[in-house]
Amino acid sequence: MLKRFFLSERNIMIAILINAVVIFSLYFPGLREHKTLIQIDHFFVIFFLIEVIIKLFVYKPKSYFSTRWNWFDFIIVVVSLPSLFMAYLPLPDTSSLLLLRVLRLARLFRFMAFVPHLSMILSGLGRALRASVFVLMVLLFLDLILAVLTCHFYQNIAPEYFGNPLISAYTVFQLFTVEGWNEVADVIADNSSGEYMIGFSRFFFVLIVLIGGIFGMSLANAVFVDEMTMDNNNELEAKIDKLQGEITQIRELLERRDV
């Protein structure tokens, strides 16, 4: 009975969900030291440890570790054990061990196993990342170049946005995402002197948004989506080729009959 319970994938998934809710609740300030929630959290550490032990006993280590998800579960359980020990051992600094509790949330990735055509999606994702890497590198280089330029021109005018190249790079990336770009331009305009400088600055920031935000990010997104959907395109092309072949055969049969 106990073996059957722990070998049920549905029961384990329900336990993972409940444990995720408990961990999530423990990070509310008012519930951080809640004894009942902490005890429930410790119970789930023991629960998942028993699950691993039973599966190792039933499936044997060779068969158990032949599945990647089992490897994943085993690692998560092992790194979770220190968070259980700290409740019973006098450990001086437990802040880093408490972080191991958060790692148990990674078991929610187990639900990816129920995603239809997961292997096809992961294959498309890898292909899309490889195809997008050069576009992203160009955007990165553009970001760095613009970071140095904006830092040179506006370091003293708006140090909160362009105080050093790293801050400038972050601000330029923010402009690429078209997030609050007009606020940055307004700060520069308010702190600048001279109509020509204000006009140049506004034009400069509009140019950054157009090149990096609208054209650059859109291109990266287009390449990524195109590669992700290539499997569907290939399948559609294969069906069209098959249909064309059948049409050609029918046409040849009709021509032979007419002759």
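Going by what's in this entry, would residue 35 be described as over 30 Å from the mean Cα position of the chain (by Cα), more than 19 Å from residue 78 (Cα to Cα) and assigned by TED's automatic domain parsing to the domain that holds residue 78? Here the answer is yes, as residue 35 does meet what is asked. Among helices (runs of 4 or more DSSP H) entirely within the range 1-73, having at least 3 residues that are touching a Leu at 6+ places or on another chain (Cβ under 8 Å) and surrounded by 12 or more Cβ atoms within 10 Å (Cβ to Cβ) singles out 9-26, 35-64. Working only within the range 19-32, note down all residues that are under 21 Å from residue 78 (Cβ atoms) and either at pLDDT 85 or above or not hydrophobic (A, V, I, L, M, F, W, C) (or both). 19, 20, 22 - these are the residues of the range 19-32 that are under 21 Å from residue 78 (Cβ atoms) and either at pLDDT 85 or above or not hydrophobic (A, V, I, L, M, F, W, C) (or both).
Close Cβ contacts (under 6 Å, 6 or more residues apart or on different chains) running from residues in the range 176-202 that are closer than 17 Å to residue 147 by Cα to residues that are charged (D, E, K, R) and surrounded by fewer than 19 Cβ atoms within 10 Å (Cβ to Cβ) comprise 185/202.
Results for (1) at pLDDT below 75; (2) within 31 Å of the chain's Cα centre (by Cα); (3) under 21 Å from residue 172 (Cβ atoms), shown as yes or no for each residue.
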residue	(1), (2), (3)
193	yes, no, no
197	yes, no, yes
202	no, no, yes
205	no, yes, yes
213	no, yes, yes
229	yes, yes, no
232	yes, yes, no
237	yes, yes, no
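A Cβ distance below 6 Å, combined with a sequence gap of six or more or placement on separate chains, defines the contacts here; from the range 21-33, residues that are closer than 14 Å to residue 104 by Cβ reach residues that are modelled with pLDDT of 80 or more and among the β-branched types (Val, Ile, Thr) in the pairs 22/40. Kindly indicate whether any position in the range 111-124 is on the phi > 0 side of the Ramachandran plot and at pLDDT below 70. Within the range 111-124 (the criterion being on the phi > 0 side of the Ramachandran plot and at pLDDT below 70), the answer is yes, since at least one residue qualifies. A single member of 127, 107 is assigned by TED's automatic domain parsing to the domain that holds residue 51, surrounded by 13 or more Cβ atoms within 10 Å (Cβ to Cβ) and either modelled with pLDDT of 85 or more or part of a helix (DSSP H, G or I) (or both), and it is 107.
The residues in the range 149-183 that are touching a helix residue (DSSP H, G or I) at 6+ places or on another chain (Cβ under 9 Å) and within 19 Å of residue 203 (Cβ to Cβ) can be counted, and the count is 20.
The values are calculated or read from the model by the stated rules, or taken from the named source; none is laboratory data. Quantities reported herein were computed from a predicted structural model and do not represent experimental measurements. Note: ideal-geometry Cβ built from the backbone for every residue, glycine included; neighbour counts use all protein chains shown.
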